[in-house]
1. Report, ordered by the first and then the second residue, all pairs with beta carbons closer than 9 Å, sequence separation of six or more or different chains, a first member in region 244-257 that is closer than 14 Å to Thr110 by Cβ, and a second member that is crowded, with 17+ Cβ neighbours inside 10 Å and small (Gly, Ala, Ser).
2. Is there a residue being assigned to a loop (DSSP other than H, G, I, E, B) and under 23 Å from Pro267 (Cβ atoms) anywhere in region 225-237?
3. Can you name the condition, by its number, that Tyr112 falls short on among (1) more than 13 Å from the chain's Cα centre (by Cα); (2) part of a helix (DSSP H, G or I); (3) within 25 Å of Asn215 (Cα to Cα); (4) in contact (Cβ under 8 Å) with a residue 12 or more places away in the chain?
4. Name the one entry in Tyr97, Tyr85 that is outside the structural domain of Gln207 (by TED's automatic domain parsing), in a helix (DSSP H, G or I) and either at pLDDT 85 or above or not small (Gly, Ala, Ser) (or both).
5. Counting only residues that are at pLDDT 80 or above, outside any loop (DSSP other than H, G, I, E, B) and either within 21 Å of Asp82 (Cβ to Cβ) or of a type in the set (Lys, Arg) (or both), how many does region 160-204 have?
6. Which condition number in (1) β-branched (Val, Ile, Thr); (2) modelled with pLDDT of 90 or more; (3) in a loop (DSSP other than H, G, I, E, B) is the one that Ile62 fails?
7. Mind checking which residues of region 41-78 are under 23 Å from Ile158 (Cβ atoms), under 11 Å from the mean Cα position of the chain (by Cα) and not hydrophobic (A, V, I, L, M, F, W, C)?
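The values are calculated or read from the model by the stated rules, or taken from the named source; none is laboratory data. Predicted model, so just to flag it, every value in this text is computed and none were measured. Note: ideal-geometry Cβ built from the backbone for every residue, glycine included; neighbour counts use all protein chains shown.
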Amino acid sequence: MAKSKLVEQAWQTHVSHAIENLSREDFYSSFANCCEYLSGYDSTLVVWLSREHKPLHLFDNIPTLYLSQTQPPWINGAYLLDPYYQLFLSNAPSAVYRLEDVMPDNFFETDYAKSYYHDTGLIDECGLLINLGDDHAVLVSLGLRSQGKLSEICTRDITSALPTLASLCRKQQSAANGEINFSAPLDKAFRNFGRDHLSKREREVIQLLLKGHSNKSIAQLLNISVDTVKVFNKRFHLKLGISSQAELFSLFLESISMIPFDADIDPLTHYLEITRPSS
């Protein structure tokens, strides 16, 4: 049986480098080396999460080709559909979470998943959610783009090392808090999307669809029948003038990205007024 990497000198060396780089620009590069060494994943994205602001990009070593396709739209609104962001909003404890354990049942059929997983070569993801208190957290997203299955020892090692990794992260963010540039959150815009055009129930169905829930899952969550979910689907497709979930995803992202700062309005109405002004 393979031994734990936590007892190897290389692990101690990686941790030492991370400690040496606390409060420095190179910290998260050293931190990523710690995580990837233990986990077997081959890329790292670190973002700061808050209930009051948009996510803040802290670090990544993702290939530029993939990052340029995904980061701008993610920060500008697509993060609202991310299973890990939803996990953060649910007050989940600091822990290591595999994507397969937190995603909705129909997640990989969504356009969000196609854009942020299929099209970027990402075949697996593991998230380290590190709560900082005061409704803030750091999410360390470990991605796997190379083929192969990770052993249980990798998952066990990264979980066992979480207290050490979390402590390092909290120290780094405590030192960097004064340098964080805040942006307005979009949660309100997500809740308001379509409110001027759709019923409350139609909007609830849309929100769950965008997050990756199947009709069956939506029916269970809303305590209605699958046939009723299908009726709501037909209604909002007709009202919005769309014919597919891909069009819904595109309309949602475009509307969210154009919302004014902290505005309590329907982003869809604002988008339509700009792009399709009445004659």
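1. Qualifying pairs under 9 Å: Phe249/Ala78; Phe249/Ser115; Phe252/Gly77; Phe252/Ala78; Phe252/Gly194; Leu253/Gly77; Leu253/Ala78.
2. Checking region 225-237: not a single residue is assigned to a loop (DSSP other than H, G, I, E, B) and under 23 Å from Pro267 (Cβ atoms).
3. Exception for Tyr112: condition (1).
4. Only one candidate passes the filter, namely Tyr85.
5. Going through region 160-204 one residue at a time, the tally reaches 16.
6. Going through the list (1) β-branched (Val, Ile, Thr); (2) modelled with pLDDT of 90 or more; (3) in a loop (DSSP other than H, G, I, E, B), Ile62 breaks only (2).
7. The one that is under 23 Å from Ile158 (Cβ atoms), under 11 Å from the mean Cα position of the chain (by Cα) and not hydrophobic (A, V, I, L, M, F, W, C): Pro55.
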